[in-house]
Each structure stands twice: as C-alpha cells, then as structure tokens.
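Below you'll find the structure, written out as structure tokens, and then a few comments.
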Amino acid sequence: MLPSRKYWVVLAGDAAAIFFSFFWVTLLRRWSEAVAVPDFLLNHFLLFSALTVCWLWLFHLCGLYEMRQLRRHDEGILAVGIVTAVLLTSLALFFISGIFNIPAPKTILVLGALMSGALIHYWRLYLRKRWNNEAGSEEPAADQPVVFDRRLLAAPGVDGYHESLKNAVLAGRNVFSSFSYQAIESGKIPVDEMTAEWLVERVCSPTSARTFYGVIKRASDIFLTFFLLSQVALTAVVVACWVRFVLGPGIFYRQERVGLGGRRFTIWKFRTMKRVDELPPGKALTLEDDPRVPKSLRWVRRMHMDELPQLINVLKGEMSLVGPRPEQSPITEELEKAIPYYWVRHSTPPGLTGWAQINMGYAGNLDDAKERFAYDLYYLANRNFWLDLSILVRTLKNVIFASGR
C-alpha cells in the first residue's frame, strides 16, 4: 500500500478522472436531454458517483494502489484494471440504472472508460515523475519511507543506528526494516533472509482473528462454489465434449497432490494433453506452449477451464478457492529438501488460485519454485478476506485475458 498522503492523492486524482470523464461524455452524448429532462443531471450525477466508487474499489482489488505498481507504472496492469472494471460494472449498470430510472449507458461506458484511462495514465505519469524528483533530492519528503537494515537494528548501537531510528520515529516518518520493506515492495518474502522466529510469529501462531477468518473463508468457499457450479455447468459440458472429440475416450485426468497438513488427495482436471497415461507418474512439468497440448485445446488451458472439476475438491474441503496451489507429491518431496521451510505451505488449505499464480504463474525449475514459495509466504503472512477477494478479482482478469499455459 502507498504511504497515506500519496494514497489519497492518487485516489483523489483517479476519482476525479473517472467522474469527469463519464460526466463529460454524458453531456456530449445527451446534451438535449440534459437541457430538457428534469433531474437528468442529478440522476446521472448519482449514477456516476456510484460508478466511480465501484471502479476505485475494483482498482484497489486489482492492486493499482500498491507502491510497486505505481513505481513501475505498468500501463498493461492499468489497462487490465480498467478492462476488468468495465466488464464487472457493465453488468451492474443494468441493475443500477433501473434504480435511477435511466437507460443503461453502454456507449457512454465504453467512451468514458477510454477517456478515464487516458486521464489516469497521464495523472499517474505526472505523479511518478514528481515523486521520483523528491526521492532524488537532498531533503526527502516527509512521507518517504526510511528503511533500516534489519541486521544492524538487531545489533547493540551500531554507529548511532538506534539514534537514527529514534529520530525517524519521533519525527513521524514511515519506518521499515529492510526485510519488511522488501516484502511490501515486491509482494513476496525474501526466502534467504527469513528466520524461523519470523515464520512462527507471522505464519504459524494462531490468533482469534485468523480463526474467525478461517470460518468465514470456508463458508465463502461453499457459497461461491455452488454459485460457480450453477454458472459454469454448461461450459463444463461443452469443454468435456470438446476434449472427448479431440483426444478420444478419457476426458478426465487425475493426479495426487499434497494438501492441508501434508495429506495426499486426488485432484481432477479435464484432460488436455496427448498420451497422458504414458508420462512418468506425478513428475510431468508444464512447459510454455507445451507440445503435448493440441492447439485446439490450448484455449481450455489458457482460460483455466481444465481446472473446473476441482470445484468438487473445494466442496469436499480438500481445497479452497484461494491458497497456495497444491503440488505433486514427488515434486513436493524434492522441494522440501531443496527449500527451507517449504512444508509451511501445507499449514493452510491449497487453493484453485493463489497470490503466486496471479504474480508469476507456473514454476518450471527450482529457482522458479523458490520464487513462487516467496509469494506463498507473503500470502500466508498476510492472508485475510480482502486479500482473498483481491486474488479472485485478479484471477478473473487472468481468465479473461487467457494467461494460462
């Protein structure tokens, strides 16, 4: 998350860009109605106020107010956030517009999205340049974070280090250890710097809030899974028929994975690879544009439709909608030997999607597996209902843009 002042500056600019864009486009498109129809401006003012709040909330869930996203100003991420917001709010508009007794403004939605996207882009570009200049000045801004090396903080009075810490805290500065700041900046925990003490305090220690979160999460899993099954049942039938047509008999593929508490369970997927039965058991890694996947079935994998049968695993309690992705049993055994504390992934139910999946995708080698574990650690240390919701929204983006393998 951005420091408080910068957060509100970015948020205010985004809100102004969204509201101004839609209101201006509405006036251009329906000027005659604005003049002739009573309460036209008031109704649209209320509608676009609701739309602005909705979009800002979706932007927040898409991670557009994280320090690392604003610093690199990834236009692709911003575009994805806007498109995701358009797709979600366009559905809501058909219901919201009925409340205000006006037709659903589909054309205005598209034009307003394009205009607000351009304004937000240049607004954030301006802020990025200005804040970069502040960071390079001799007198840093008051809300610029102060980062202290965690090893020197642990040492007794190294070269006035603790005095510097005291001055920064009493001056009201944002103070971080190098370990925490790196985690916030990157969205992952530095595995090589992690200690057993940190692991116990941040991941393993039970709290009443985490217990309540677990109950809410399980209830949400059941409710959302039943809802998803009702929505994708026809899609699943179409995928199953297409797999049967392309690959012949045997539309499902099952595999043993490691779940909560290290227990083994079986996941089911739609079969998308040729000669699956001839592969070495449990040790097949997925490759980019894997040649074993027929071209006519790649869209199934890229849109993650091959994983629809795993909704049954969620209902059975073997998986959750959000959590670290379960790994194959033999690969898990190898990674636990190579990566310290890898077993901690099994302290929470595995998920259909997770923080690692939306940030880096698949792991094809040991280095990738280590980086994915770093993302999993960040999730385990910070898991809560809103983070889960953010992951689900970003997963929807990945499905829409077919980012799977």
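The values are calculated or read from the model by the stated rules, or taken from the named source; none is laboratory data. Treat the numbers as computed from the prediction; the structure is a model and nothing was measured. In this analysis, Cβ positions are derived from the backbone assuming ideal geometry, glycine residues included, and neighbour counts consider all displayed protein chains.
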Residues satisfying the stated conditions in the range 314-355, i.e. under 24 Å from residue 223 (Cα atoms), in contact with a Gly (Cβ under 9 Å, 6 or more places away or on another chain) and part of a helix (DSSP H, G or I): 314, 346, 347, 355
Selection within the range 344-378 - among the charged types (D, E, K, R) and over 15 Å from the mean Cα position of the chain (by Cα): 345, 367, 368, 370, 371
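Residues are listed down the side, and each one gets a yes or a no for (1) at pLDDT below 85; (2) closer than 27 Å to residue 329 by Cβ; (3) surrounded by 16 or more Cβ atoms within 10 Å (Cβ to Cβ); (4) in contact with a Cys (Cβ under 9 Å, 6 or more places away or on another chain):
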| position | (1), (2), (3), (4) |
| --- | --- |
| 218 | no, yes, no, no |
| 224 | no, no, no, no |
| 227 | no, no, no, no |
| 230 | no, no, no, no |
| 233 | no, no, no, no |
| 254 | no, yes, no, no |
| 273 | yes, yes, yes, no |
| 282 | yes, yes, no, no |
Every residue from the range 303-313 that is crowded, with 16+ Cβ neighbours inside 10 Å and in a helix (DSSP H, G or I): 305, 306, 307, 308, 309, 310, 311, 313
Residue match in the range 346-369 (condition: closer than 27 Å to residue 200 by Cβ, without any contact (Cβ under 8 Å) to a residue 24 or more places away in the chain, among the small types (Gly, Ala, Ser) and in the same structural domain as residue 250 (by TED's automatic domain parsing)): yes
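Each row is one residue, and each column tells you yes or no for (1) assigned by TED's automatic domain parsing to the domain that holds residue 392; (2) more than 22 Å from the chain's Cα centre (by Cα); (3) in a strand (DSSP E or B); (4) among the β-branched types (Val, Ile, Thr).
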| residue | (1), (2), (3), (4) |
| --- | --- |
| 197 | no, yes, no, no |
| 215 | yes, no, no, yes |
| 224 | yes, no, no, no |
| 228 | yes, no, no, no |
| 236 | yes, yes, no, no |
| 241 | yes, yes, no, no |
Breaking point among (1) at negative phi; (2) at pLDDT 80 or above, for residue 262: (1)
